[in-house]
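Below is one structure, written out as structure tokens, with a few remarks after it.
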């Protein structure tokens, strides 16, 4: 496990799904979310997760997201595709539970970029932390808005237990995360929250992102500085 510090400062982890954007352009939706929170640069990270796109299409989309994410000082993370992350100059890669181990990904992506991991059980959190992941997403906590096929929810007690075994690794709650539910996560130990449909599918992505970030900051502490 690397000893190099890679600070994970964002509070809201926005995961893309262009199908939820409907007739709107995904880039514009993400930019609305970032623009609405531009008074807190670095508080939102974007994970590009469009699993049905081939490598070239994903790379081209990543380049467009890299442009706006750089403008708003938002980390850009690419789901699973280390090659696309490197080619697009992204800030890191996010590994599904069935993908590379964090240690393997680190050898490929280098020491300066972030490695995140999706987890659904406490033992997966422990493995992620021990093998050098910089952060983990854990869930579903509540009934998912956009991914209902992911099985039983873990609830607040489940995410709190996951945070306790994370050995200081930041953990982000995923699944049914809405601004009006976030207060229930106070004291659970989360570093922040991950969202898909609550922002990407919202009528006003900017307003939704700001409301969600406000709620998350209330339960996690001071805004990113």
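For the range 42-102, what class follows from the C-alpha gyration tensor (a ≥ b ≥ c being the square roots of its eigenvalues): rounded when a/c is under 1.5, otherwise prolate if a/b is larger than b/c, else oblate? Can you show the working numbers first?
Values: a/c = 2.01, a/b = 1.29, b/c = 1.56.
Oblate is the answer for the range 42-102, as a/c is 1.5 or above yet b/c matches or exceeds a/b.
If you sort the three axes of the alpha carbon gyration tensor as a ≥ b ≥ c, you get a/c under 1.5 for the chain, which makes it rounded. Between residue 39 and residue 204, the FRET efficiency estimated from the beta carbon spacing at R0 = 25 angstrom works out to 0.90. Computing FRET efficiency as 1/(1 + (r/R0)^6) for residue 27 and residue 214, where r is the C-beta to C-beta distance and R0 is 22 Å, gives about 0.35.
Working out 0.36 nm times the residue gap between residue 165 and residue 9, then minus their Cα-Cα distance, what length gain in nm do you get to one decimal? Taking residue 165 through residue 9 to full extension adds about 54.2 nm, to one decimal. Modelled spin labels at residue 54 and residue 184, positioned 7 Å past Cα toward Cβ, are 4.3 nm from each other.
To two decimal places, what compactness ratio does the range 116-218 give when its Cα radius of gyration is scaled by 2.2 N^0.38 Å? List each step's numbers first, then the result.
Working: Rg = 13.0 Å, N = 103, 2.2 N^0.38 = 12.8 Å.
That works out to 1.02 for the range 116-218.
Read-outs: derived from the displayed coordinates by stated rules, not from any lab. These numbers come from a predicted model, not from an experiment. Using ideal geometry, Cβ is built from the backbone for each residue, glycine included, and neighbour counts are taken over all protein chains shown.
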